[in-house]
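Visitor: One structure coming up, written as structure tokens, with questions to follow.
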Amino acid sequence: MIGGWRCVAACSVNRERLGQYALLLALFLLPWQLREIFTSVRVDGQMWEYGTGSLYATQLLVLLAVILRGGFRIDRARAFVGPVAIVVLAAIVSAATSPVPMSSLALVFQVGLAAMLFLGLLDVRTDPTRAAAAFVLGLVPSALLGWAQVWWGETTAYSWLGLASHSFSTLGDSVVETAEGLRTLRAYGPLPHPNILGGYLAAGLLTLAMLASRWRAQAKRTWLALPVIVLVAGLVATFSRGAWVAATLAFLAVVAGMLWIHRMAAHVALPLVYAGLFALILTVFTFHSQVFTRFAPGARLEARSLSERSAAYREAPAVFLLRPILGVGPALYTAALAELRPGAPVYAYQPVHNAFVLFLAEMGLLGTLAAVPFIRRLIVAVRAINVRSERVFSLAGLVLLVTLAMFDHYLWSLWSGLSLTAVVAAFAVRGGKA
């Protein structure tokens, strides 16, 4: 009888350990977009990405981790379960009452999986330092791939890796065009857009700084210089202004916070700062024309980008007023645009480049109110972190998320953004607490 109980206990421990490995693997592979499309909508013969339902490999790993662990063991962070459930329930209500329920429910499914990822990272069985290390290590090959794309000017599609083909000469691909007419492909990495890769790399650099503050051994910190160089160079190569601004503000928040609490340890930070500055100077020197072009509003493509974003903001109130209470439905912002101005090609219908505005339009006032308890709980949890240096990094993580959300829509509209939001928010809540 005793032997039987020992066997059950051992099996339970092994299952939980496998669940831990599945979660760490999901974090490592998070940038890779290998997926199976189970529902696809076409407009004028072209695939409509925002009406496409997909199952990603990383989502299966998150589900596997939850199943193997037998749910969540959250303890002090249990207060998040209710607020997260309210947001998911509001999304279900909005989707069920939307004009195209199936397309909306496909995004709600992804919201639910992002909620599982968030709660899984809050689980007391998840080591926050190992989780952060897995996330950062997974970004290194993504940044290197992005650099290769910029250097060679194109990339080949590999469906088994979830990679799409891109080229500097292909219309519609994201490029930087200088005044001399030189077109440079922006770094996509394995992600759908350079802005998303930029957001991931900005989050990875902040996570590296957090790891450096936790690790006491100087040898461990020295090894962090290598990923710092790779991630900084990759971040520049995305030519993503929003990611640049988000990374800058997050690190200014870290510096200001550390000075405020008198915990600025220059001897710890300087080697990594030197490594980051080396990569920054070298990359900017290599692509100085492209970098400066991104801040030249008179350049052809930059002027076009600014014009399109301004037009999107002007259209947003009309979309919101179509269904102000319940919203037009998750993933249906572009469908609402097609209703407001029919006849345009499918690529002309793009979400507004602001995740907060997009969330308000798709979820309505009801969904926005449903998100308030979660935001409040997030702020309360960060303020409750006892270790002041950890609290500084947590606040910087929130600064990063808010800034990225102000510049783009992917934190709400795509799985890559939802999962990034879940990871950064969970790291902010957990701090270094094991």
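The values are calculated or read from the model by the stated rules, or taken from the named source; none is laboratory data. What you are looking at is a predicted structure, and each value in this text was computed from that prediction instead of being measured. Here the Cβ positions follow ideal geometry from the backbone for every residue, glycine too, while neighbour counts run over all protein chains shown.
Visitor: Within the range 131-154, does at least one residue satisfy the condition of being out of contact with any Gly (no Cβ under 8 Å at 6 or more places or on another chain), within 21 Å of residue 237 (Cα to Cα) and not in a helix (DSSP H, G or I)?
Guide: yes
Visitor: Is it the case that residue 155 is modelled with pLDDT under 95, crowded, with 20+ Cβ neighbours inside 10 Å, farther than 23 Å from residue 279 by Cβ and among the polar types (S, T, N, Q)?
Guide: Here the answer is no, as residue 155 does not meet what is asked.
Visitor: Quick check: anything in the range 96-103 of a type in the set (Gly, Ala, Ser), in contact (Cβ under 8 Å) with a residue 24 or more places away in the chain and buried (at least 22 other Cβ atoms within 10 Å of the Cβ)?
Guide: Yes, because at least one residue in the range 96-103 is of a type in the set (Gly, Ala, Ser), in contact (Cβ under 8 Å) with a residue 24 or more places away in the chain and buried (at least 22 other Cβ atoms within 10 Å of the Cβ).
Visitor: Looking at 340, 321, 270, 280, which is the one that is without any contact (Cβ under 8 Å) to a residue 40 or more places away in the chain and under 30 Å from residue 211 (Cα atoms)?
Guide: 270
Visitor: Residues in the range 9-28: is at least one exposed (fewer than 12 other Cβ atoms within 10 Å of the Cβ), of a type in the set (Gly, Ala, Ser), at pLDDT below 75 and farther than 14 Å from residue 117 by Cβ?
Guide: Checking the range 9-28: at least one residue is exposed (fewer than 12 other Cβ atoms within 10 Å of the Cβ), of a type in the set (Gly, Ala, Ser), at pLDDT below 75 and farther than 14 Å from residue 117 by Cβ.
Visitor: Please enumerate the residues belonging to the range 321-373 that are surrounded by fewer than 20 Cβ atoms within 10 Å (Cβ to Cβ), under 27 Å from residue 403 (Cβ atoms) and β-branched (Val, Ile, Thr).
Guide: Across the range 321-373, the qualifying residues are 368, 372.
Visitor: Every residue in the range 214-238 that is at pLDDT below 95 and either part of a loop (DSSP other than H, G, I, E, B) or surrounded by fewer than 15 Cβ atoms within 10 Å (Cβ to Cβ) (or both), please.
Guide: Passing the criteria: 215, 216, 217, 218, 219, 220, 222, 223, 224, 226.
Visitor: Taking the range 403-434 as the region of interest, how many residues are more than 11 Å from the chain's Cα centre (by Cα) and under 20 Å from residue 119 (Cα atoms)?
Guide: So the answer is 9.
Visitor: Give the residue, chosen from 179, 203, 233, that is more than 26 Å from residue 395 (Cα to Cα) and either touching a His at 6+ places or on another chain (Cβ under 7 Å) or of a type in the set (A, V, I, L, M) (or both).
Guide: 179
Visitor: Out of 73, 78, 69, 130, report the one residue that is of a type in the set (Lys, Arg) and within 24 Å of residue 206 (Cβ to Cβ).
Guide: 130
Visitor: Okay, moving on. Quick test for you: out of 400, 358, 332, 366, pick the one residue that is within 30 Å of residue 254 (Cβ to Cβ) and either touching a residue at least 60 places away in the same chain (Cβ under 8 Å) or not aliphatic (A, V, I, L, M) (or both).
Guide: When all the criteria are applied, what remains is 400.
Visitor: So, one more: Name every residue in the range 132-152 that is buried (at least 16 other Cβ atoms within 10 Å of the Cβ) and among the small types (Gly, Ala, Ser), in order of residue number.
Guide: Selection gives 132, 133, 134, 138, 142, 143, 146.
Visitor: Kindly establish whether residue 83 is outside any helix (DSSP H, G or I), farther than 30 Å from residue 215 by Cα and not polar (S, T, N, Q).
Guide: no
Visitor: Within the range 165-207, which residues are small (Gly, Ala, Ser) and touching a Gly at 6+ places or on another chain (Cβ under 6 Å)?
Guide: 187, 189
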